[in-house]
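Throughout, read-outs are computed from the coordinates displayed, never taken from laboratory work. Being a predicted model, the structure only gives us computed values, none of them experimental. FYI the Cβ positions are ideal-geometry reconstructions off the backbone, even for glycines, and counts take in every protein chain you see.
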Amino acid sequence: MPKRTIYKAATERLEILDKDGRVDKKLMPELTNDQLRKLYRDMILIRRFDEKALKLQRQGRMGTYGSLKGQEAAQAGLAMAMEPEDWMVPSFREHGVMQLRGIPAHLVHAYWKGDERGNCFPEGTRCLPPSVPVGSQLIHAVGIGLALKTRKEKGAVVGFAGDGASSEGDFHEALNFAGVFQTPTVIFIQNNQWAISVPFKKQTAAASIAQRAHGYGLPGVQVDGNDALAVYAASKEALDRARSGGGPTLIEALTYRMENHTTADDAFKYRSKEELDYWTERDPITRMKAFLTAKRLWNEKKEKALLSDIAAEVDAEVEKLEAMPAPDPADVFNYMYRDIPWNLREQRDALVEEVGR
Ligand SMILES: Cc1ncc(C[n+]2csc(CCOP(=O)(O)OP(=O)(O)O)c2C)c(N)n1
């Protein structure tokens, strides 16, 4: 493997797979053919899940939903670089990584139905509940990193956030603390270029989010977030370093939110069709398929089989979602603390009584 110098200038963007599916062989990460196919499968799974969630919401079968269309490479590339012992601390758009880390899709859907059981994940998945207060979760990611380091436990932590979160004080505090205490944390920013209706240029005068790492004494790298290979390579390097005591890294995956912010939004009120067309040509899935096809690792027969497999998988999760018994209103309190404090117990009991009337 040639030695990479991707951390020398954080404004430099790591790109391996271009929009037409051609790779820069010098930078190609070590991945087996099966892993390359898996990356593609993961991205298709994420997109199909996303399409289904949007439909469920439109049919009134789900409350609201924040689409991650366009961010599949960022999430699948990162997920492939994580190890079972690693932790993830998501924001509210990480449904892809969550599923790839073993959280069943029906629980992710349940969250968007406003069901607290959608915050309660299988043992061992090492994922905190999604965090809606923008940026707040980065501090938790650094705190878990410090705990792992203090207890000398194996693993790294990935804290997720968007470009909008990089303007919050919590972003600064998290990076500063991570740098000073050298926590095994990767701060993974998916810069999808919009924070609801606020464009990236209104978040910072800096050319990139990645370059802000220098001010905290951390390595920072910007990657083409629509290039699963580049995201994997940068994430693997950062996570390996974190796990081996080398400290934190800031990764900025430059991508694009192809859908509305959530189902409560209409993005065409503030962005142009031309902009969406530009990014549609840079779709992360199209380029991966072109690459695999040129390498003779993929063909239309495999594609057909994959799509039907994934459709069945996605539908089975919706069936599980809709077969869930009605939630207990007390869940809002029950999942908060192991030992519920007296004041919340009082509120819970009052709610249960009210609902029971
Ligand atoms: C502290 C806080 N302020 C405002 C909001 C309302 N809000 C929800 S999402 C969002 C934009 C977030 O943008 P970004 O961080 O870029 O993430 P993205 O939605 O693009 O994934 C805002 C302002 C919030 N949830 N929390």
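Helix-only estimate, please: 222 nm mean residue ellipticity of the chain, summing -39500 (n - 2.57) across DSSP H runs of length 4 or more and dividing by its residues, to the nearest 500.
-14000 deg cm²/dmol
With a sphere of radius 13 Å drawn around the Cβ of residue 59, what net charge do the other residues whose Cβ falls strictly inside it have (Lys, Arg +1; Asp, Glu -1)?
+3
Listed values for segment 325-331 are Karplus-derived 3J(HN,Hα) couplings in whole Hz (6.51 cos²θ - 1.76 cosθ + 1.60, θ = phi - 60°), namely x, 4, x, 8, x, 6, 4, and x replaces Gly and Pro. For segment 146-218, the antiparallel share of DSSP beta bridges with both residues in that region comes to about 25%. For the chain, give me the percentage of DSSP beta bridges that are antiparallel, rounded to the nearest 5 percent. Beta bridges within the chain, antiparallel portion: roughly 10 percent. Two numbers describe the Cα atoms of segment 205-322: Rg and Dmax, which are 18.8, 50 Å.
Comparing 299, 192, 260 in a Gaussian network model of the chain where C-alpha atoms under 10 Å apart are linked, the largest mean-square fluctuation is found at 299. Overall, segment 149-278 carries a charge dipole of about 540 debye about its Cα centre when +1 sits on the Cβ of Lys and Arg and -1 on the Cβ of Asp and Glu, all other atoms neutral.
In this structure, the amide hydrogen of residue 14, modeled 1.01 Å from its nitrogen in the peptide plane, lies closer than 5 angstrom to those of 222, 223, 224, counting only residues at least 5 positions away or on a different chain. What number comes out for the charge environment of residue 15, summing +1 per Lys or Arg and -1 per Asp or Glu over other residues with Cβ under 9 Å away? Result for the local shell: -3. Classify segment 157-252 from the C-alpha gyration tensor, please: rounded if a/c falls under 1.5, else prolate or oblate depending on whether a/b exceeds b/c. Because a/c hits 1.5 or more and a/b fails to exceed b/c, segment 157-252 counts as oblate. Using the Stokes-Einstein relation with a Kirkwood hydrodynamic radius computed over Cα pairs, the translational diffusion coefficient of the chain at 25 °C and a viscosity of 0.890 mPa s comes to 116 µm²/s.
Taking amide H positions as modeled 1.01 Å from N, with prolines and chain starts lacking one, the residues under 5 Å from residue 91 and 5 or more places away or on another chain are 131, 160.
In the neighborhood of residue 135, defined by Cβ-to-Cβ distances under 15 Å, what is the net charge if each Lys or Arg adds +1 and each Asp or Glu adds -1? Charge balance in the 15 Å sphere: -4. Farthest towards the positive end of the charge dipole of segment 29-74, among the residues 46, 59, 70, is the Cα of 59, using unit charges on the Cβ of Lys, Arg, Asp and Glu.
Within the chain, the longest segment free of exposed loop sites, counting GluC sites (Glu not before Pro) that fall outside DSSP classes H, G, I, E and B and have at most 14 other Cβ atoms within 10 Å, spans 154-280. What shape does segment 71-113 take by its C-alpha gyration tensor, where a ≥ b ≥ c are the square roots of the eigenvalues and a/c under 1.5 counts as rounded, a/b above b/c as prolate, and the rest as oblate? Prolate, because a/c is 1.5 or more and a/b exceeds b/c.
Scale the Cα Rg of segment 1-114 by the rule-of-thumb value 2.2 N^0.38 Å and send over the ratio, two decimals.
Relative to the 2.2 N^0.38 Å estimate, segment 1-114 comes out at 1.24.
Looking at the chain, do any whole DSSP H helices span at least 15 angstrom along their long axis by alpha carbon and average 0.5 or above on Kyte-Doolittle, and which?
Sorted by number, the helices that extend far enough and score high enough are 136-150.
In order along segment 203-218, the Karplus-derived 3J(HN,Hα) couplings, from 6.51 cos²θ - 1.76 cosθ + 1.60 at θ = phi - 60°, round to 8, 7, 8, 6, 6, 8, 7, 4, 5, 5, 4, 4, x, 9, x, 10 Hz, and Gly and Pro are given as x. Counting only Cβ charges, +1 for Lys and Arg and -1 for Asp and Glu, the dipole size of segment 215-280 around its Cα centre is about 280 debye. With θ taken as phi - 60° and the Karplus curve 6.51 cos²θ - 1.76 cosθ + 1.60 applied, the whole-hertz 3J(HN,Hα) list for segment 152-157 is 6, 8, 6, x, 10, 10 Hz, x standing for glycine and proline.
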